[in-house]
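The values are calculated or read from the model by the stated rules, or taken from the named source; none is laboratory data. All values derive from a computational prediction rather than experimental measurement. Here the Cβ positions follow ideal geometry from the backbone for every residue, glycine too, while neighbour counts run over all protein chains shown.
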Amino acid sequence: MDDLFRNSKVKSRREKILSIIDELGAVNTKELSEYFNVSNHTIRRDLNFLSKQLDLKRYHGGAKCVNSLMVKCKNNYRSRIKIGNEISALLFKGSKVYIDSHYIRETFVGLLPDFNLKIVTNDIYIYHLISDKEHISMLMLGGCVGQFGCDCNHANAINSSFFDDVDIAVVEVDYIDSDGYILSKCSSQATRQRLALENAKYKYVIYKPRNNPISSEYIYNVYSIGKIGNLTEIIK
């Protein structure tokens, strides 16, 4: 379990590095080590790994992007960064965010700004990724946790009061029926997601269709959830 959490932190850091490279075109090893509070050796290892995934040119003391399209990327990096940047742009000091998404969690944490936030989640991986960030307060809901999702009936898993003042909701689902209802193998998870979307000002649903879960990765920006089937801004 510790290895899984450690791997999630490494992935989150590397995706943040990619975001910086995408924005600036190049990065400096020493500056990155100070930014992430890790050793130069750790950053060099990150850059070596990333250079094998993307069109990055390593040089003494850093790396730069050779191809702005990063065409060698195989892990939907640009899509996740686009989603993460859209969400992080909405954050403001003191905002409250509900997040329940395996697809975006490392990217989301890596792009969090350095000011006070409150994160509500049911994902223990997100909890561990954020646990060392002093400016972020956490509210862990009971019930199904992350990918281990067995069904549950914990009272605080579906207590609507936790969602009353949510500003941004980010959820990942695998089925939305013709009436716009989110369905899930875990009824409490589906209920949490509906409550979050109903209360949040900004609503994001990452939709991974159950009948094709591997090749389909979509995000929808939901402006109205009167019927969630009416979704806009499809980003592939």
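A single entry from A196, A190 fulfils the requirement of being crowded, with 18+ Cβ neighbours inside 10 Å, in a helix (DSSP H, G or I), modelled with pLDDT of 85 or more and not β-branched (V, I, T): A196.
What do you reckon, is F162 surrounded by fewer than 20 Cβ atoms within 10 Å (Cβ to Cβ), assigned by the TED database to the domain that holds I87 and modelled with pLDDT of 80 or more? Break it down into steps so the answer makes sense when it comes.
Values: surrounded by fewer than 20 Cβ atoms within 10 Å (Cβ to Cβ): yes; assigned by the TED database to the domain that holds I87: yes; modelled with pLDDT of 80 or more: yes.
Against the criterion (surrounded by fewer than 20 Cβ atoms within 10 Å (Cβ to Cβ), assigned by the TED database to the domain that holds I87 and modelled with pLDDT of 80 or more), F162 qualifies.
Just the residues that are crowded, with 24+ Cβ neighbours inside 10 Å and either of a type in the set (A, V, I, L, M, F, W, C) or modelled with pLDDT of 85 or more (or both), please, taken from region 106-118. Before the answer, list the steps.
From region 106-118, those crowded, with 24+ Cβ neighbours inside 10 Å are 106-110; that's our starting set.
F108, V109, listed by residue number.
Note on region 64-84: residues that are of a type in the set (G, A, S), surrounded by 13 or more Cβ atoms within 10 Å (Cβ to Cβ) and modelled with pLDDT under 80 total 1. In summary, M140 fulfils each of the numbered conditions (1) of a type outside the set (S, T, Y); (2) in contact with a Lys or Arg (Cβ under 6 Å, 6 or more places away or on another chain); (3) modelled with pLDDT of 70 or more; (4) surrounded by fewer than 18 Cβ atoms within 10 Å (Cβ to Cβ) with the single exception of condition (2).
Which count do you get for residues in region 78-131 that are farther than 20 Å from N7 by Cβ, acidic (D, E) and assigned to a helix (DSSP H, G or I)? Total satisfying the criteria: 1.
Of all residues in region 53-63, how many are modelled with pLDDT under 80 and either among the acidic types (D, E) or under 26 Å from the mean Cα position of the chain (by Cα) (or both)?
Start the filter on region 53-63 by keeping residues that are modelled with pLDDT under 80, which leaves 53-57.
Retained after the next criterion (residues that are either among the acidic types (D, E) or under 26 Å from the mean Cα position of the chain (by Cα) (or both)): 53-56.
Selection size over region 53-63: 4.
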